[in-house]
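The values are calculated or read from the model by the stated rules, or taken from the named source; none is laboratory data. Keep in mind that this is a model prediction, so the values were computed, not measured. Virtual Cβ from ideal backbone geometry, glycine too; neighbours counted across all protein chains shown. Just so you know, the surface numbers come from the protein's heavy atoms only, side chains and all, with ligands and any DNA or RNA stripped out. Shrake-Rupley method; radii C 1.70, N 1.55, O 1.52, S 1.80 Å.
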Amino acid sequence: MRLIQIYRCLCDETRLRILHLLTNGPLCVCHFQEVLKLPQVAVSKHLAYLRVNGLVQTRRHGKWIIYSVANDATAELDLQLRCLQDCVQSNPLFRQDLSRLNEIRCECEWVEQVTRCCNTTS
């Protein structure tokens, strides 16, 4: 059943794009909005779907919710994420997403610092 849940999550382009971005590190909703050029409500809906199905996890930092790939990712999910990374290399949309992410990388540094800090104290 777990594999079916994973594929249900992966059958949407926006969720694929979100997971692809998260394989590069944790992000908050505002970063997804900027990279994906989607409204907050749409991004949040997809992130909630991924969270409920166990593909992503959240951490609260003040008013921000930080998303990352689930720490306890199953072997099935890990394999699918690796496959996703291979498959999207030639896709212009996914390359544009990474390019936009790199453009705002300095805006995302606080997220990485917070998660690094929290991981060492937990």
Normalised Cα Rg of the chain, dividing by 2.2 N^0.38 Å with N its residue count, works out at 1.01
Expressed as a whole-number percentage, the relative contact order of region 1-64 with C-alpha contacts under 8 angstrom and at least six residues apart is 33
Between Ile65 and residues 5 or more places away or on another chain, the pairs with built amide H atoms under 5 Å apart involve Val29
Share of accessible surface on carbon and sulfur in the chain, whole %, 1.4 Å probe and ligands ignored, is 52
Judged on accessible area alone, 1.4 Å probe, highest first, Asp97, Asp12 line up as Asp12, Asp97
Along the dipole axis of region 1-52 (charges at Cβ: +1 for Lys and Arg, -1 for Asp and Glu; origin at the Cα centre), the most positive-end residue among Thr23, Ile4, Leu38 is Ile4
Per-residue ellipticity at 222 nm attributable to helices in the chain (runs of n ≥ 4 DSSP H, -39500 (n - 2.57) apiece, nearest 500 deg cm²/dmol) works out to -20500 deg cm²/dmol
Measuring from its Cα centre, the chain shows a charge dipole (+1 at each Lys and Arg Cβ, -1 at each Asp and Glu Cβ) which, in debye to the nearest 20, is 300
With Cα springs under 10 Å, the Gaussian network model of the chain assigns the largest mean-square fluctuation among Leu93, Leu27, Leu55 to Leu93
Averaged per residue, the 1.4 Å probe accessible area of the chain, protein heavy atoms only, in Å², is roughly 56
